[in-house]
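The values are calculated or read from the model by the stated rules, or taken from the named source; none is laboratory data. The model shown is predicted, which means the values in this text are computed figures rather than measured ones. Glycine gets a Cβ as well: all are built from the backbone with ideal geometry, and neighbour counts include every protein chain shown. Just so you know, the surface numbers come from the protein's heavy atoms only, side chains and all, with ligands and any DNA or RNA stripped out. Shrake-Rupley method; radii C 1.70, N 1.55, O 1.52, S 1.80 Å.
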Amino acid sequence: MPLGVLLAQAQAGAGADRIYRNARITTMDRDTPAGQAVAVGSGRILAVGNDDTVAGLAGSGTEIIDLDGLTMLPGLVDGHGHVANAGLYHGFVNLQPSPAGPGNSIGAIQESLRTHREHDGLFDDWLLGAGYDESLLAEHRHVTRDDLDAVAQDVPIFVWHVSGHFGAANSLALRLAGIDSATDDPPGGIIRRRAGTREPDGVVEEHGLYLFRDCMPNFDGDRLLDLLDRAQESYARWGITTAQDGASSADEVALLQRAAAADRLDLDIVAYPMVLDPAELYGLTAPEGYSNALRIGGAKLVLDGSPQGKTAWMSEPYLSPPEGWPEDYVGYPLLEDEVVDALVDGLYARGWQVLAHCNGDRSGDQFLDAVEKATAKYGLADRRPVMIHAQTVREDQLDRMQRLGVMPSFFVAHTFYWGDWHRDAVFGPDRAHRISPTQSALDRKMAFTIHNDSPVVPSDSWRLLWSAVNRETRSGQVLGPDQRIDVPTALHAMTLDGAFQHFEEADKGSITPGKRADLVVLSDDPASLPHDLLKDIVVVETIKDGRTIYRH
Ligand SMILES: [Zn+2]
Ligand SMILES: [Zn+2]
């Protein structure tokens with residue numbers, strides 16, 4: 001509905017639904033960057049201004065909320081993450097390292113699994129954990145079948161790596177998946193072996209994970225809806241009002257559709273089904289507008305692994321290869337060039353937005369080559385393809401992306417979570433210093449977003465903001481000081497550019513009359529807070545379409 005009609009309705013009727021007053025409002029709108037009060041009606045923003053002018057929209061039915069000097073921002077837009085999977089994580093034994101969980105050593109992981117079995121029991125006869133991170137385990141190695149056999153041999157155990165790109169199984173789970181010394185590595189995947197033998201050591205990489213798909217239990221529908229509620233609550237607690245499901249399986253799309261049909265989506269969710277094979281494009285739902293807060297945004301490709309696990313596909317070798325690999329190991333692609341070309345071509349032909357996971361710069365080349373070919377064929381247009389993670393994207397690649405209209409979404413949270421590991425074990429200082437090169441993108445005036453890739457790390461918006469501004473590692477060192485960005489730039493990436501990346505900038509990303517009333521009220525003003533305290537910001541209230549969905 002046009003703003004004029006909304007305003008006329010509010011003035012003719014009982015006034016605005018709500019007026020928030022006495023606030024420090026950062027609108028992210030260049031025309032009116034700040035304000036004291038905002039009026040909301042029919043789920044939209046009616047007016048922003050000072051307390052006196054906005055008070056003119058009050059009527060007999062208006063709820064007036066005095067924010068007592070608290071800060072208000074537009075609701076945050078998730079740059080990239082997996083909200084359905086974040087829900088599922090709540091159903092697994094949490095094996096993440098601190099501060100997100102107890103998994104700081106293999107002993108602690110074994111203890112967590114044992115305790116869970118004792119107190120919470122099994123899930124469909126399986127013991128399932130998620131979030132172990134070999135880079136932060138005291139032992140600096142993956143969990144193996146032997147470690148898991150020491151927990152239990154009478155039940156199958158499977159634990160997911162924090163990146164989602166590895167998993168480890170005990171002997172019984174390997175047997176149920178039909179994996180033994182006679183099993184060859186699947187295309188795009190690796191079954192790790194005991195040194196010098198073909199006997200699996202329990203760890204599988206990338207497409208090797210799919211070998212467990214048929215034997216592993218699935219949560220039933222109602223349990224999944226409950227878990228999705230928990231993920232939405234945690235997103236709302238971090239001020240996010242639009243979430244991404246950025247690599248949805250068919251099951252996840254079905255779950256989100258079921259949640260939408262049951263009116264259980266508090267957040268707007270944009271889903272990007274993951275495609276591996278061009279033939280799958282024929283079976284996908286075409287992108288469309290929101291229906292009950294759910295929208296299909298396009299499709300997602302995953303082209304390589306993760307740098308912390310040294311499976312990102314690089315153009316130059318890692319500082320040291322993973323055990324058993326030669327010195328010139330550079331990670332590996334997940335899809336052949338021809339497949340990537342055909343997928344991007346198919347998406348361009350349909351006019352659907354394409355997101356591509358590229359952690360290593362070599363996979364970035366693979367993606368940009370495909371985009372270049374599709375652009376030559378279909379012409380340059382406003383398609384907003386996104387390079388997801390773009391952690392090791394090179395300067396020449398940023399130039400090429402700018403020319404081809406490809407947006408980066410940077411995984412800036414890595415600077416904290418794995419920054420020390422990247423510098424000391426993965427990339428060496430030079431490459432580590434420019435992971436997620438936000439300032440390089442800013443220098444080119446490129447639109448970009450930043451993300452947590454939840455559930456890889458918690459969807460904590462303030463840890464993310466703090467990381468983008470400080471780039472401080474766990475050990476307190478600054479990783480790439482010249483790639484730090486200021487608070488307004490980081491907030492822009494979390495609001496307006498997030499909306500832009502999802503083609504929703506006309507409706508979201510700033511507190512502008514006519515846009516959706518997606519708002520977040522904060523304990524402190526990020527713009528005036530000392531930079532080291534940004535991670536301690538607390539969300540007081542999150543408002544979606546004019547309705548409170550979270551209150552502290
Ligand atoms: Zn990814
Ligand atoms: Zn992801």
Report summary line: Thr415 fails exactly one of (1) within 16 Å of ligand 2 (Cβ to nearest atom); (2) in a helix (DSSP H, G or I); (3) over 21 Å from Ala299 (Cα atoms), namely (1)
**Report entry** Among (1) within 23 Å of Glu206 (Cα to Cα); (2) free of Cβ contacts under 8 Å to residues at least 12 places away in the same chain - the single one Gly305 does not satisfy
**Finding:** (2)
**Report entry** Condition met for Glu63 (surrounded by fewer than 16 Cβ atoms within 10 Å (Cβ to Cβ) and over 30 Å from Arg237 (Cα atoms))
**Finding:** no
Query raised in the report: Tally time: how many residues in the stretch 315-347 are open to solvent by less than 40 Å² (accessible area, probe 1.4 Å), of a type outside the set (A, V, I, L, M, F, W, C) and in contact with a Leu (Cβ under 9 Å, 6 or more places away or on another chain)?
Result: 1
Query raised in the report: Tally time: how many residues in the stretch 182-216 are under 22 Å from Arg141 (Cβ atoms) and among the aromatic types (Phe, Trp, Tyr)?
Result: 1
Query raised in the report: When the stretch 348-364 is examined, which residues are found to be part of a helix (DSSP H, G or I) and open to solvent by less than 30 Å² (accessible area, probe 1.4 Å)?
Result: Tyr348, Asp361, Ser363, Gly364
Query - Qualifying residues in the stretch 441-463 (those that are part of a helix (DSSP H, G or I) and open to solvent by less than 10 Å² (accessible area, probe 1.4 Å)) - the one nearest to ligand 2 (Cβ to nearest atom) - result: Ser461
Report task. Identify the residue in the stretch 233-262 that is open to solvent by less than 10 Å² (accessible area, probe 1.4 Å), closer than 20 Å to Pro273 by Cα and within 14 Å of the chain's Cα centre (by Cα) and, among all such residues, is farthest from ligand 2 (Cβ to nearest atom). Result -> Thr242
Report summary line: Residues in the stretch 231-288 that are within 16 Å of ligand 1 (Cβ to nearest atom), of a type in the set (Gly, Ala, Ser) and in contact with an Asp or Glu (Cβ under 9 Å, 6 or more places away or on another chain) total 3
Report task. Pick out the one residue from Ala490, Ala506, Ala517 that is open to solvent by 20 Å² or more (accessible area, probe 1.4 Å) and either touching a Leu at 6+ places or on another chain (Cβ under 6 Å) or more than 20 Å from Asp453 (Cβ to Cβ) (or both). Result -> Ala506
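One line per residue, one yes/no per condition, for (1) away from ligand 1 (no atom under 15 Å from the Cβ); (2) open to solvent by 10 Å² or more (accessible area, probe 1.4 Å); (3) closer than 28 Å to Gln477 by Cα:
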site	(1), (2), (3)
Ala370	yes, no, no
Val386	no, no, no
His389	no, no, yes
Arg394	yes, yes, yes
Met401	yes, no, no
Val406	yes, no, no
His414	no, no, yes
Query raised in the report: (1) within 16 Å of ligand 2 (Cβ to nearest atom); (2) part of a loop (DSSP other than H, G, I, E, B): which one isn't true of Arg384, the others all being true?
Result: (1)
Requested in this report: Count, please, the residues in the stretch 1-30 that happen to be touching a residue at least 24 places away in the same chain (Cβ under 8 Å) and outside any strand (DSSP E or B).
Outcome: 18
Report task. Mind telling me which of the residues Asp220, Asp214, Asp245, Asp184 ends up being under 27 Å from Val354 (Cβ atoms) and of a type in the set (Asp, Glu)? Result -> Asp245
Query raised in the report: When only residues in the stretch 129-140 that are among the charged types (D, E, K, R) and within 13 Å of Gln308 (Cβ to Cβ) count, which is surrounded by the most Cβ atoms within 10 Å (Cβ to Cβ)?
Result: Asp133
Report task. Count, please, the residues in the stretch 35-60 that happen to be surrounded by fewer than 18 Cβ atoms within 10 Å (Cβ to Cβ) and touching a strand residue (DSSP E or B) at 6+ places or on another chain (Cβ under 6 Å). Result -> 1
Query - Residues satisfying the stated conditions in the stretch 263-295, i.e. within 14 Å of Glu504 (Cα to Cα) and surrounded by fewer than 17 Cβ atoms within 10 Å (Cβ to Cβ) - result: Glu288, Gly289, Tyr290
